[in-house]
Amino acid sequence: MAHALRAVVVLPTYNEAGNIAGMLDLVLGSPVAPDALVVDDSSPDGTGEEVREVAARYPEGRVRLLTRATKDGLGAAYRAGFAAAVATGDYDVVVQMDADGSHPVAALVPMLDALAAGADLVLGARYVPGGALDDAWPWYRKALSRGANTYARLLLRAPVADLTGGFKAWRAGLLASLDLDVLTAAGYAFQIQTTLAALERGAVVREVPILFTERTHGTSKMSQAIIAEAMVAVVRMRRHGSSGTRGSR
């Protein structure tokens with residue numbers, strides 16, 4: 001049965017041809033009956049063509065493809081996708097999730113239930129009771145993930161357990177109220193930045209436990225440069241608020 005809230009799932013992609021078709025089928029088959037918006041940074045591996053083939057199998061409008069000319073960071077891809085999703089005026093909820101299969105599609109149901117119960121933003125959380133990281137992850141990746149989350153959460157004094165996760169369900173009105181032009185983090189710091197911006201606006205934030213699994217195909221896009229950017233961005237946010245610039249508080 002479709003959920004009463006109309007939702008769209010925004011999936012940023014770069015070289016996800018091995019994952020995207022299966023992921024879209026899972027998302028579109030969810031009981032919450034969302035549409036899907038793929039934001040592809042002109043992947044050279046044919047990701048865009050895979051999306052078009054999937055779209056042809058579904059009613060018009062269920063799958064849309066937004067192709068960007070350049071690859072300039074996860075944050076930029078999400079800003080473009082959020083703007084496109086909100087601009088339609090068709091959705092109550094905008095969900096963001098990875099296209100690599102690491103976020104469980106089954107969690108869409110409790111996440112939208114939490115929104116229907118009054119939340120403004122729901123986080124798919126690894127670090128709450130019932131949440132976990134895949135056992136397939138080596139110990140050092142688990143330590144890095146947990147350490148980075150603890151660093152950001154404590155430095156920013158954020159009242160959430162999983163501040164660095166990228167699986168989120170936004171009430172469309174809250175997302176539309178954020179000034180995306182000043183939330184300019186390029187990499188995974190964008191996840192911290194947007195949740196912090198929601199908290200600054202007094203949003204009701206809830207967390208739903210998830211099992212974060214290893215990607216289905218391909219390799220992780222996490223790099224030392226992305227980690228370093230996030231660490232510096234957190235310090236700036238501690239000083240100046242979510243935008244990380246002077247005068248933002």
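The values are calculated or read from the model by the stated rules, or taken from the named source; none is laboratory data. Everything quoted here is computed from the prediction, not taken from an experiment. Counting neighbours? That spans all protein chains shown, and the Cβs are built from the backbone with ideal geometry, glycine included. All accessible areas refer to the heavy atoms of the entire protein, side chains included, with ligands and DNA or RNA removed. Shrake-Rupley method; radii C 1.70, N 1.55, O 1.52, S 1.80 Å.
The table below gives the values:
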| quantity | calculated |
| --- | --- |
| Output for region 125-147, where each listed residue is within 14 Å of E214 (Cα to Cα) and either at pLDDT 95 or above or of a type in the set (A, V, I, L, M) (or both) | R126, A132, L133, A136 |
| Per-region count, region 52-79, residues within 20 Å of the chain's Cα centre (by Cα) and either closer than 24 Å to A185 by Cα or in a helix (DSSP H, G or I) (or both) | 14 |
| Residues satisfying the stated conditions in region 156-172, i.e. open to solvent by 50 Å² or more (accessible area, probe 1.4 Å) and farther than 17 Å from V208 by Cβ | R157 |
| Residues located in region 19-51, provided they are under 21 Å from T70 (Cα atoms) and either acidic (D, E) or in a helix (DSSP H, G or I) (or both) | I20, D40, D41, D45, T47, G48, E49, E50, V51 |
| All positions within region 3-31 that are open to solvent by less than 30 Å² (accessible area, probe 1.4 Å) and under 17 Å from G73 (Cβ atoms) | V10, L11, P12, T13, E16 |
| Region 47-76 residues that are on the phi > 0 side of the Ramachandran plot, paired with ones that are buried (at least 19 other Cβ atoms within 10 Å of the Cβ) (beta carbon under 6 Å, 6 or more apart) | G73/G187 |
| Pair list, Cβ < 6 Å and 6+ apart or interchain, from region 106-131 residues that are within 15 Å of V205 (Cβ to Cβ) and without any contact (Cβ under 8 Å) to a residue 60 or more places away in the chain to residues that are part of a loop (DSSP other than H, G, I, E, B) and small (G, A, S) | Y127/A161 |
| Residue match in region 183-203 (condition: open to solvent by less than 40 Å² (accessible area, probe 1.4 Å), modelled with pLDDT of 95 or more and outside any helix (DSSP H, G or I)) | yes |
| V122 being part of a strand (DSSP E or B) and modelled with pLDDT of 95 or more | yes |
| Whichever residue in region 96-112 is part of a helix (DSSP H, G or I) and of a type outside the set (V, I, T) and, among such residues, is most open to solvent (accessible area, probe 1.4 Å) | A106 |
| Condition check for T150: touching a Phe, Trp or Tyr at 6+ places or on another chain (Cβ under 9 Å), surrounded by 18 or more Cβ atoms within 10 Å (Cβ to Cβ) and among the β-branched types (V, I, T) | no |
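Yes/no per residue for (1) surrounded by 14 or more Cβ atoms within 10 Å (Cβ to Cβ); (2) within 19 Å of G18 (Cα to Cα); (3) small (G, A, S):
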| residue | (1), (2), (3) |
| --- | --- |
| A33 | yes, no, yes |
| P44 | no, yes, no |
| E50 | yes, yes, no |
| A56 | no, yes, yes |
| G61 | no, no, yes |
| L65 | yes, yes, no |
| D72 | no, no, no |
| R79 | yes, no, no |
| V94 | yes, no, no |
